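**Student:** Just passing along the structure, written as structure tokens.
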Amino acid sequence: MTKAILIDTDNQDRLSGIRSFLATVMDKAGIDAMLVPTRLAVKNRIMPTLVSDPARLQAADPLSPAFPVNGAQQLARLTRLPTGGRLAAVLRPCEIRAFNELVKLNQGKRDDVLIIGLDCPGALSNADFRRFADRHETADAATSAFCVAAFSGDPIDEAITLTAACRACDHPAPDGADIAVELFGTDSTHALTARAQTKMGQTELAGLDLPPAEKAPPQRKTILAGTLKQRKQYREQMFTSVAASTGSIQGLSTYLADCVNCYNCRAACPVCYCTVCVFTTDTFRHEPFQYLQWARRKGGVKMPTDTLFFHLTRMAHISTACVGCGQCTNACPNDIPLSDLFTMVAQHTQKAFGYGAGLDLSQQPPMCGFKEEEYGEVVGMG
């Protein structure tokens, strides 16, 4: 069974080669539609797009540093119920892990979709990407400029700053994809490698009629190791700083002081999936006299109320499922570094349960069941 194939980088162009590869997959694997980051026709921007016409893949751009939304949300919507066709999705590593969490929570189905993952050097915030993209004539030119350094291990342009979530990410390789495209350690003069990571991936690669690849790019392990080392250092420094800032209620209140209860972070979070959030129900739609009572008792009450309670509740709900994608920070209109805080909390809760969000589809999420020896404690029986 074919385990890896070569992707020709047409005219020494990674992006063209990947577009051609995706078109081949769509044609020969019987894919009816593919969810893939695609350049918008109306502006120099990238958004997830469900493509049914292979010709539209000429605008696909999964190498762009744009990350406006976590595609796991969109894929869950597409796979929650039968679509009547076969789907594929091109996802970042954090999107794959978030989708795996949603599958465990019965929000989507993994066996209904072929997942293609790519090595991820990181992304820019929405605002930074707009500035970066607008310095180039086309989105393709922006992507090319970003990739030159990103996949070689060289320093990226000083004007380009990856999000804190990406600088702290310790899973830049698309583990768990059906097919993984290996980019670290490559340059535009060599063919890329697409490697099967599941039985479905092996079956699909075998049917593509592309030349086999013998081994991974020679510098891949070295560059990955160096990338992980840098990110671990940044991650530890970030957690130390956040812990010092939020180690008390007063500190946490100060950290979240700019929150206006817009709930954008909740909407952007790929694993915060409740159809109805308790914070938008009558439970938190307080009566006018209650506000006045609180103000009289305390001398004054911050409006809007319940800000701290909202974030603490979200931490309790999603910290075991958080994949550190950074979309909460990306969506915040007041630039609160929410991802730094939530990732730090998630590290502790997931470690406590011996759990890695989205890393193993067979591992049940924490607190979703009990072991036989635990049941007595839960129901109060000896």
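The values are calculated or read from the model by the stated rules, or taken from the named source; none is laboratory data. Quick caveat, the model's predicted, so the values are computed rather than measured. Virtual Cβ from ideal backbone geometry, glycine too; neighbours counted across all protein chains shown.
**Student:** Are there any pairs with C-beta distances below 8 angstrom linking a residue in region 310-328 that is free of Cβ contacts under 8 Å to residues at least 60 places away in the same chain to a residue that is among the aromatic types (Phe, Trp, Tyr) and buried (at least 21 other Cβ atoms within 10 Å of the Cβ), with the two at least 6 apart or on different chains, and if so which?
**Tutor:** Arg314/Phe342; Met315/Phe342; Ile318/Phe342; Ser319/Phe342; Cys322/Phe342
**Student:** Identify, by number, the condition in (1) more than 25 Å from the chain's Cα centre (by Cα); (2) modelled with pLDDT under 90; (3) surrounded by 15 or more Cβ atoms within 10 Å (Cβ to Cβ); (4) part of a helix (DSSP H, G or I) that Tyr291 doesn't meet.
**Tutor:** Exception for Tyr291: condition (3).
**Student:** Let me ask another. Evaluate region 294-306: report whether one residue or more is at pLDDT below 90, surrounded by 12 or more Cβ atoms within 10 Å (Cβ to Cβ) and in contact with an Asp or Glu (Cβ under 7 Å, 6 or more places away or on another chain).
**Tutor:** no
**Student:** Sort through Gly108, Gly84 and tell me the only one that's touching a Lys or Arg at 6+ places or on another chain (Cβ under 6 Å), more than 25 Å from Phe184 (Cα to Cα) and not aromatic (Phe, Trp, Tyr). Give the derivation first.
**Tutor:** Details: Gly84 fails: touching a Lys or Arg at 6+ places or on another chain (Cβ under 6 Å).
The conditions single out Gly108.
**Student:** One residue is enough: does region 209-221 have a residue meeting the conditions within 29 Å of Met344 (Cβ to Cβ), within 25 Å of the chain's Cα centre (by Cα) and not acidic (Asp, Glu)?
**Tutor:** To start, the set of residues in region 209-221 that are within 29 Å of Met344 (Cβ to Cβ) comprises 221.
Still in the list and also within 25 Å of the chain's Cα centre (by Cα): 221.
Those still in the list that are not acidic (Asp, Glu) too: 221.
There is at least one residue in region 209-221 that is within 29 Å of Met344 (Cβ to Cβ), within 25 Å of the chain's Cα centre (by Cα) and not acidic (Asp, Glu).
**Student:** Given the conditions (1) in contact with a Ser or Thr (Cβ under 8 Å, 6 or more places away or on another chain); (2) at pLDDT below 95, report the number of the one that Leu87 does not fulfil.
**Tutor:** Single failed check for Leu87: (2).
**Student:** Here are some conditions: (1) touching a residue at least 40 places away in the same chain (Cβ under 8 Å); (2) in contact with a Gly (Cβ under 9 Å, 6 or more places away or on another chain). Gln107 meets all but one. Which one does it not meet?
**Tutor:** (2)
**Student:** Looking at (1) crowded, with 20+ Cβ neighbours inside 10 Å; (2) not in a helix (DSSP H, G or I), which is the only condition Asp335 fails?
**Tutor:** (1)
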